[in-house]
Amino acid sequence: MTTLETPPNDSPWRLKSPIDARAVFIVIVAFILLSFSAQRVDLGKMAGQMGEFGLASVGLKDSSQIGRGLGGLVSDMFPVAISERTPIAMIEHFDANRLPPFARMETVQVEVSVLDPDTFQTDTHLVEKTYLVQPAGYLIFVLGKMLETIEIAIWASLFAIIGSLPLAIVGARNFTPHPVVYFASRSIVSFLRSMPELISALFLVLAFGFGPGAGILALALHSMGFLAKFYAEDIEAADPKPLEAIRATGAGSFAALRLAVLPQVLPSYTALTLYILDRNVRMAAVIGLVGAGGVGQELKGRYDMFQYDRVGTILLVIFITVLLLDQLAAHLRRRLI
Amino acid sequence: MTIVRSSADIENCQARPVTALAFHAVSQSFTSGTRALDNVSLDIGAESFTVLLGPSGSGKTTLLRSAAGLNTPDTGEIRVAGESITGRNLKAARRRMGMVHQDFGLSERLTTAQNVMAGAASCIGWVRVLFQAYPRAVRLKACQLLARVGLDEVQANRRAGTLSGGQRQRVGIARALINDPLVILADEPVASLDPATAHEIMALLREAAGERGAAVLCSLHQIDLARRFADRIIGLNHGQIVFDGPPADLTPGALAIIFDGPETRLRPIVAVA
Ligand SMILES: Nc1ncnc2c1ncn2[C@@H]1O[C@H](COP(=O)(O)OP(=O)(O)OP(=O)(O)O)[C@@H](O)[C@H]1O
Ligand SMILES: [Mg+2]
């Protein structure tokens, strides 16, 4: 028999401390590495600019580089472009009797200076120009592009779900038909996940040409890797007791998956899938920048043409959409789980 | 004798075979070095109620799991109704057995009735399994079994995760009965239940199995329950059968043999009763 050792009244036992030499060592090493890295990425310059901006915005300094940059950008972007004015000369098959809804025609007289090649004199004369004005034309156009972006995200997510399920099942240790299949599936999944969408989109645009196709594929491949990894981990972590109970009835793997595993992993699958959908909408806007369709492609075009009022409209639409989708996803998550 | 193949035919699942469960020279060691089953030979007659007694770690769970094909013995053979359960026979053999698990093994997010019907999933097509659209015959049988184990329509549609321990074990028994098994394997079916409920569940298991002519092989830690419900008691110690006889033969001497061993310094107090 062992007797319980009681601690002496004045000093406690030696108890494990959460901070040991190793933790201190790790913190010091991390600090040294970060200070090297800070120099490499010019963190000092960034801090200086931020400080300058802070001082300037409370009035202690006349101006700051960030302030000037932001100020210029904001004044260029606002007011954002809502309407669309198109010279009717540029519209094919223009029919003044059948204008689009809410549209009107506007005729302005513009002074046009022409250099006379004979006399080398500049003649100024008035020319009438007619525009088709659509009051919310540009906004509607951007909303359409945003819808395209959302559609890209939905298709990509759908393909990702469909593709990731088989990968996840054969990539789960408890359901794989063979270790080789398991290894192959896990390798494919790692490969898919390691390809950033922006980069795969860049190459897929070369292969498929500009447009949503490349975007859908780029997003689908990456999300497939993501979903397959986490789906597989959920299957592996599922409680084995119901699984064995179903197997012991003589049912096959499909029934075991459907009746014992799926009910367990469904809440987590729903959360993962909603996250991927949410993320794909944001990423679909980003990969548009390399020409893979949607609102991102429009953004890139306008940015390159210095049309910052239109850039402002696009950013506003993206911002509001992401905000709304976030609310929707949160709502769905509460409902489904 | 009919051999049930993986046909999706419910009639086949219900075919009555002739003999029950037989272990022949079954041994199993684990990588840990434990010899969990040591040359076990045992015949379980049809329509009998056999209780496995033995100290913790004596191999009761291993024996029951190998009968269900949940682990494969190193040597020896297990037959259900005369058919070896190896290889391609395994699924067919499993359909002739029902297992009642100690921790119930229910899918908590499925309803009570869905859990019971899941026991018949091996006999229906995959589309029906996918949508849990069981044939009318299966639904009817599930309802009858649920009523038999004392659950009502409201409880049938509740998620299994919301049931009490005793209710869950009733569901487990109903599920084990849905394929009209020849053998019911029960691993400590009353381990986490209070004494009154444990008694009730054992009575239910015995009666329901008896009504359907199923043989029961049930491991227990409660010697009083074993005496009361068993036709035959098997004592297991260190993976070997050390006792085999009717409850009347379970003398204090026999109990000492069954529960003797280095792991049994905490001998059950009931042993002297
Ligand atoms: N998967 C496994 N890996 C290694 N050893 C195992 C495994 N399963 C069982 N064992 C060992 O085999 C022996 C028998 O275990 P088993 O679970 O069959 O005992 P038991 O009689 O059911 O005990 P209890 O009454 O505690 O449930 C034990 O020593 C156990 O540690
Ligand atoms: Mg056990």
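The condition of being open to solvent by less than 40 Å² (accessible area, probe 1.4 Å) and within 30 Å of the chain's Cα centre (by Cα) holds for only one of A:SER190, A:SER200, that being A:SER200.
Filtering B:VAL216, B:VAL190, B:VAL149, B:VAL171 for residues that are under 13 Å from B:LEU52 (Cβ atoms) and open to solvent by less than 10 Å² (accessible area, probe 1.4 Å) leaves a single hit, B:VAL216. Based on this model, can you work out whether B:ALA226 counts as closer than 26 Å to B:PRO135 by Cα and in contact (Cβ under 8 Å) with a residue 60 or more places away in the chain? Spelling it out, it is not the case that B:ALA226 is closer than 26 Å to B:PRO135 by Cα and in contact (Cβ under 8 Å) with a residue 60 or more places away in the chain. Restricting A:GLY171, A:GLY163 to those that are within 30 Å of A:PRO240 (Cα to Cα), open to solvent by less than 90 Å² (accessible area, probe 1.4 Å) and touching a Lys or Arg at 6+ places or on another chain (Cβ under 8 Å) reduces the list to A:GLY171. In segment B:29-37, is there at least one residue being touching a residue at least 60 places away in the same chain (Cβ under 8 Å), more than 14 Å from ligand 2 (Cβ to nearest atom) and farther than 22 Å from B:ALA226 by Cβ? Yes, there is a match, as at least one residue in segment B:29-37 is touching a residue at least 60 places away in the same chain (Cβ under 8 Å), more than 14 Å from ligand 2 (Cβ to nearest atom) and farther than 22 Å from B:ALA226 by Cβ.
Quick grid of which residues meet (1) facing chain B (nearest Cβ under 9 Å); (2) of a type in the set (Gly, Ala, Ser); (3) over 17 Å from A:SER164 (Cα atoms):
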| residue | (1), (2), (3) |
| --- | --- |
| A:GLY215 | no, yes, yes |
| A:MET224 | no, no, no |
| A:LEU227 | no, no, no |
| A:ALA232 | no, yes, no |
| A:ILE246 | yes, no, yes |
| A:GLN264 | yes, no, yes |
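Among the residues of segment A:274-309, just one is at positive phi and aromatic (Phe, Trp, Tyr), namely A:PHE306.
Inside segment B:81-110, residues that are in a loop (DSSP other than H, G, I, E, B) and more than 7 Å from chain A (Cβ to nearest Cβ) make up a count of 8.
Does segment B:175-199 hold any residues that are within 16 Å of ligand 1 (Cβ to nearest atom), hydrophobic (A, V, I, L, M, F, W, C) and part of a loop (DSSP other than H, G, I, E, B), and which are they? Listed by number, the residues that qualify are B:VAL190, B:ALA191, B:LEU193. Just to be sure before I move on: is B:GLY87 on the phi > 0 side of the Ramachandran plot and either open to solvent by 30 Å² or more (accessible area, probe 1.4 Å) or charged (D, E, K, R) (or both) in the structure I sent? When the stated conditions are applied, B:GLY87 passes them. Comparison of A:PHE141, A:PHE120 shows that the only residue that is in contact (Cβ under 8 Å) with a residue 24 or more places away in the chain, open to solvent by 50 Å² or more (accessible area, probe 1.4 Å) and either within 20 Å of A:VAL317 (Cβ to Cβ) or over 39 Å from the mean Cα position of the chain (by Cα) (or both) is A:PHE141. Only helices (runs of 4 or more DSSP H) whose full extent lies in segment A:242-337 are considered here, and the ones with at least 2 residues that are among the acidic types (Asp, Glu) are A:294-304, A:308-336. Based on this model, can you work out whether B:VAL216 counts as within 18 Å of B:THR61 (Cα to Cα), part of a strand (DSSP E or B) and aliphatic (A, V, I, L, M)? Considered against the rule, which asks whether it is within 18 Å of B:THR61 (Cα to Cα), part of a strand (DSSP E or B) and aliphatic (A, V, I, L, M), B:VAL216 comes out as yes.
Every condition in (1) near ligand 1 (Cβ under 8 Å from one of its atoms); (2) out of contact with any helix residue (DSSP H, G or I) (no Cβ under 7 Å at 6 or more places or on another chain) holds for B:ALA46 except the one numbered (1). I'd like the full set of residues that are without any contact (Cβ under 8 Å) to a residue 60 or more places away in the chain and within 15 Å of the chain's Cα centre (by Cα), limited to segment A:146-163. Result: A:LEU147, single match.
Going through segment B:61-82 one residue at a time, which ones are within 13 Å of ligand 1 (Cβ to nearest atom) and open to solvent by 10 Å² or more (accessible area, probe 1.4 Å)? Residues satisfying the conditions are B:THR61, B:THR62, B:ARG65, B:LEU70, B:ASN71, B:THR72, B:PRO73, B:ASP74.
Return the pairs, sorted by first residue and then second, in which the second residue is within 16 Å of ligand 2 (Cβ to nearest atom), the first residue lies in segment B:177-188 and is of a type in the set (Val, Ile, Thr), the beta carbons are less than 8 Å apart, and the residues are 6+ apart or on different chains. Partner pairs satisfying both residue conditions: B:VAL183/B:ALA67; B:VAL183/B:LEU217; B:ILE184/B:MET99; B:ILE184/B:VAL100; B:ILE184/B:LEU217; B:ILE184/B:CYS218. Cβ-Cβ distances below 6 Å connect the following pairs, each with a first residue in segment B:59-82 that is among the basic types (Lys, Arg), a second residue that is within 13 Å of ligand 1 (Cβ to nearest atom) and open to solvent by 10 Å² or more (accessible area, probe 1.4 Å), and a separation of six or more residues or different chains: B:ARG65/B:ASN71.
Of the residues making up segment B:139-195, just one is on the phi > 0 side of the Ramachandran plot and away from every other protein chain (no Cβ under 14 Å), namely B:GLY150. Comparison of A:ALA245, A:ALA256 shows that the only residue that is in contact with a helix residue (DSSP H, G or I) (Cβ under 6 Å, 6 or more places away or on another chain) and open to solvent by less than 40 Å² (accessible area, probe 1.4 Å) is A:ALA256.
Applying the condition of being away from ligand 1 (no atom under 15 Å from the Cβ) and not hydrophobic (A, V, I, L, M, F, W, C) to segment B:19-38 and asking which residue is surrounded by the fewest Cβ atoms within 10 Å (Cβ to Cβ) yields B:HIS24.
Condition check for A:LEU328 on (1) within 14 Å of chain B (Cβ to nearest Cβ); (2) modelled with pLDDT under 90: one failure, at (1). Residue-level check: of (1) within 14 Å of another protein chain (Cβ to nearest Cβ); (2) more than 16 Å from ligand 2 (Cβ to nearest atom), B:LEU70 misses just (2).
Restricting A:PRO79, A:PRO101 to residues that are under 25 Å from A:TYR303 (Cβ atoms), open to solvent by 100 Å² or more (accessible area, probe 1.4 Å) and part of a loop (DSSP other than H, G, I, E, B) narrows the list to A:PRO79. Tallying residues that are free of Cβ contacts under 8 Å to residues at least 12 places away in the same chain and either open to solvent by 90 Å² or more (accessible area, probe 1.4 Å) or touching a Gly at 6+ places or on another chain (Cβ under 7 Å) (or both) within segment A:321-337 yields 6.
The values are calculated or read from the model by the stated rules, or taken from the named source; none is laboratory data. Note that this is a predicted model, so its numbers are computed, not measured. Here the Cβ is made from the backbone with ideal geometry for all residues, glycine too, and neighbour counts use every protein chain on show. The protein model used for the area step is the full one, side chains on, heavy atoms only, and it has no ligands, DNA or RNA in it. Shrake-Rupley method; radii C 1.70, N 1.55, O 1.52, S 1.80 Å.
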